[in-house]
Amino acid sequence: MENFVFNTPTKVIFGKGAENQVGALIKAQNCKKVLLHYGSGSAKRSGLLDRITASLQAQGIDFVELGGVVPNPRLSLVYEGVALCKKEGVDFILAVGGGSVIDSAKAIGYGVASGGDVWDFYNFKREATACLPVASVLTIAAAGSEMSDASVITNEDGWIKRGYSNELSRPVFAIMNPELTMTLPAYQTASGCVDIMMHTMERYFNKSDNMELTDGISEVILRTVKKNVAILMQEPENYNARAEVMWAGSLSHNGLTECGTDGGDWATHKLEHELGGLFDIAHGAGLAAIWSSWARYVYRERPQRFAQFAVNVMGIAPGGDTDKTALAGIAAMEDFYHSIDMPTRVSEMGITLTDAQIEEMAEKCYTSAQGPLGVVKPLEKADMIAIYSAAR
Ligand code: NZQ
Ligand code: ZN
């Protein structure tokens, strides 16, 4: 087992009506002014934003608003947010939405507190020295940003999508009411669940050994999400199923499922980020479109691990030939993705990848990874091209 640090400072307030506590929770932070940051419409339409502002006003909390965050959140809005916060003297950011809004909030937090050009952190130029405190009211179970140290921003200049991880950005608190996710379109629910599973799978497919407890936690998370997303495709308002996937989303990405490992592979994520940057697709759907091509390309490096996944997560019968079991698990995952209307090839999202686009994504991905990508089989640029081509 590898040494590890497990740092989860985020206070979680989970359950029905949890968002009504937001005013009191922020009041306890003793901040001067709050930036209320949100997306492109769903929080307004559902009435959630009105309830949040009422809760802030009831506590006498001063705030300014900045909406308009889009999926694959843009750097230009981050710059706008930094300027607004500086002008208004904001010292706390409340994100109401999903991973895109929370990530935009974290980037604004770095920009205000660390100074200089915030893109520097995503462009490997320097490390952030501070971040404004960020908290969230989560409206979609997916990215896990509500407890993670990561944020992913898209620079429209070149459509470069990059992640940056720093402990400074772990949110202060996360309000999670599963009921708030009931207004999600089925496609977003499914895409979010793919992302949740992938956050555990990226860590599960690693090069470490001897981590029975972490493996067990990971396998339970994967089976739980798989079972409950199937329920949600039939019953979108099933509270318990919403609650199971929402909590799984946080546990998948708060570090729990990497304790004792080398941190995992993450190649599928990095390959998807290039796809998301270029084609503006839903992140989880993009992951589903790439994963099995990656898995078939690399499984021979760790056939036993892929076979364990096949048996313990996908329900393949144990005891057979290891390679065949591993491949059966990958095929079963593809069937599962199709069963929740997720793609297993890029073309299933209506995108026809050209050779030039594959070359561009591989080039950007190699630059972004700063060298070979992943640990199961470190990928050179030619490997990335082969995987993108198989995923066409
Ligand atoms: O903008 P609105 O109108 O709110 O619409 C959103 C958006 O279109 C909608 N939505 C959210 N909650 C809703 C709702 N619609 C109806 N009812 C609700 N309750 O859903 C759409 C997707 O929202 P988004 O925030 O983009 O989803 P998600 O949480 O999947 O975030 C995706 C982003 O997070 C990044 C991804 O790359 C992508 O940019 N990631 C962030 C990570 C992190 N910070 O740790 C890790 C992940 O691997 C991921 O890369
Ligand atoms: Zn993800």
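The values are calculated or read from the model by the stated rules, or taken from the named source; none is laboratory data. Every value quoted in this text rests on a predicted model; they were computed, and no experiment measured them. Because the Cβ atoms are built from the backbone with ideal geometry, glycine has one as well, and the counts that use them run over all protein chains shown. Quick note on the areas: whole protein, heavy atoms, side chains included, nothing else; ligands and nucleic acids left out. Shrake-Rupley method; radii C 1.70, N 1.55, O 1.52, S 1.80 Å.
The table below gives the values:
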{"item": "Prolate/oblate/rounded call for segment 228-352, Cα gyration tensor, a/c under 1.5 rounded", "result": "rounded"}
{"item": "Segment 282-392: C-alpha gyration tensor shape, a/c 1.5 cut-off, then a/b vs b/c", "result": "oblate"}
{"item": "With Cα atoms, 0 to 90° folded angle of helix 48-58 axis to the chain main axis", "result": "40"}
{"item": "Qualifying trypsin sites (Lys or Arg not before Pro) for segment 32-79 [loop in DSSP, other Cβ within 10 Å: at most 15]", "result": "Lys32, Lys33"}
{"item": "Translational diffusion coefficient (Stokes-Einstein; Kirkwood radius from C-alpha pairs) of segment 11-180 at 4 °C, 1.567 mPa s, in µm²/s", "result": "83"}
{"item": "Of Lys44/Lys87; Lys270/Lys377; Lys33/Lys125; Lys125/Lys377; Lys44/Lys226; Lys11/Lys86, those spanning more than 19 Å from alpha-carbon to alpha-carbon", "result": "Lys44/Lys87; Lys33/Lys125; Lys125/Lys377; Lys44/Lys226; Lys11/Lys86"}
{"item": "Principal axis dimensions, the chain - Cα atoms, whole angstrom, descending", "result": "66, 44, 43"}
{"item": "Calculated FRET efficiency for the pair Asp117/His338, C-beta based, R₀ 51 Å, to 0.05", "result": "0.75"}
{"item": "Rough spin-label spacing in nm, given labels placed 7 Å along Cα→Cβ, for Glu363 and Gln304", "result": "4.2"}
{"item": "Spin-label model distance (nm) - Trp159 vs Asn240, 7 Å beyond Cα toward Cβ", "result": "4.4"}
{"item": "Shape of segment 331-392, Cα gyration tensor, a/c cut at 1.5", "result": "oblate"}
{"item": "Fraction of accessible area attributable to carbon and sulfur, the chain (%, probe 1.4 Å)", "result": "51"}
{"item": "Cα long-axis angle, helix 239-253 against the chain (0 to 90 degrees, to the nearest 10)", "result": "80"}
{"item": "Paramagnetic reach from Ala24 (point 7 Å along Cα→Cβ, amide N under 12 Å) across segment 61-77", "result": "none"}
{"item": "Per residue accessible area in Å² of the chain, where ligands, DNA and RNA are left out and the probe is 1.4 Å", "result": "38"}
{"item": "DSSP loop GluC sites (Glu not before Pro) with at most 12 other Cβ within 10 Å excluded, longest remaining stretch of the chain", "result": "238-392"}
{"item": "Nearest 10 degrees, 0 to 90: helix 355-369 Cα axis against the chain principal axis", "result": "70"}
